[in-house]
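Taking it in order: structure first as structure tokens, then the write-up.
The values are calculated or read from the model by the stated rules, or taken from the named source; none is laboratory data. Small disclaimer: the values here were computed from a predicted structure and weren't measured. As a convention, Cβ positions derive from the backbone with ideal geometry for all residues, glycine included, and neighbour counts pool all protein chains shown. With ligands, DNA and RNA removed, areas are computed over all heavy atoms of the protein, side chains included. Shrake-Rupley method; radii C 1.70, N 1.55, O 1.52, S 1.80 Å.
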Amino acid sequence: MTPAEALREKLDVSIFADELFGENCFLIRRRDTAAALVVDPGLQLDRVVRQLREERLTVERILVTHGHIDHVGGVPALHQDTGAPIAMHPDDLAILDWDQFAGLPFVPRGFAPFSIDLALGHGMDISFQDLRVRVLHTPGHTEGSVCFLFGLDCFAGDTLFQRGIGRTDLPGGDMRKIVFSIRDVLYALPPKTVVYPGHGPRTTIEEEMLLNPFVPAG
């Protein structure tokens, strides 16, 4: 068994898609302990919290791929409920428009401004008990977009989708940057790496290098 396969044996991933945006929140738990991480809690927060309570899990950290409301809508309440620190790239603080967010009719309970407990940067390793999560800074969808890499599993936010890429016409978006992030950072990962995107079904680096119409390899 390779180290990447051994890592997968220790982790279980639950996916919660919200009903409005189809945004994927990921609950990553240890099979051997009650420790968990939550990636991008959004409008589906109540379902995530229900599973946390049913399985009596302890959230060690809230990981945020970028600062759009569908990906951060549930962050404040989850932080308040669990005390888990928030990890996010500081470049996306500029797009957290608290007044606008608070006025949206679909924002989850308890939404309020939050601060970053761990400022993320490219190449950082985040500890998850005895495991390590690698941070990849992948600007383009937003300036502070990041991906989280667990061995051969990549939680890619809105940078790379199955046969698609994140839109670049919102504040902080840049087509040139997202193409670089995908081609020079994500496509440099092993081809068998599984990509868990912020919307839609999972894919692999190999499939996207061959079939992605927006950023073909090379």
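A few points about this structure:
- Selection from the range 200-218 of residues that are more than 26 Å from F16 (Cα to Cα), assigned to a loop (DSSP other than H, G, I, E, B) and open to solvent by 20 Å² or more (accessible area, probe 1.4 Å): P213, F214, P216, A217, G218
- Wholly enclosed strands (runs of 3 or more DSSP E) of the range 10-82 bearing at least 3 residues crowded, with 21+ Cβ neighbours inside 10 Å and at pLDDT 95 or above: 24-30, 35-39, 58-63
- Options F161, F111, F148; residue that is aromatic (F, W, Y) and touching a Phe, Trp or Tyr at 6+ places or on another chain (Cβ under 6 Å): F148
- Scanning the range 113-128 for residues that are surrounded by 13 or more Cβ atoms within 10 Å (Cβ to Cβ) and more than 19 Å from H66 (Cβ to Cβ) yields a count of 1.
- Among the residues of the range 118-171, those identified as small (G, A, S) and either within 12 Å of the chain's Cα centre (by Cα) or in a loop (DSSP other than H, G, I, E, B) (or both) are G121, G123, G140, G144, S145, G151, A156, G157, G166.
- If you go through the range 151-199 and keep only what is open to solvent by less than 30 Å² (accessible area, probe 1.4 Å) and of a type in the set (D, E, K, R), you end up with D153, D158.
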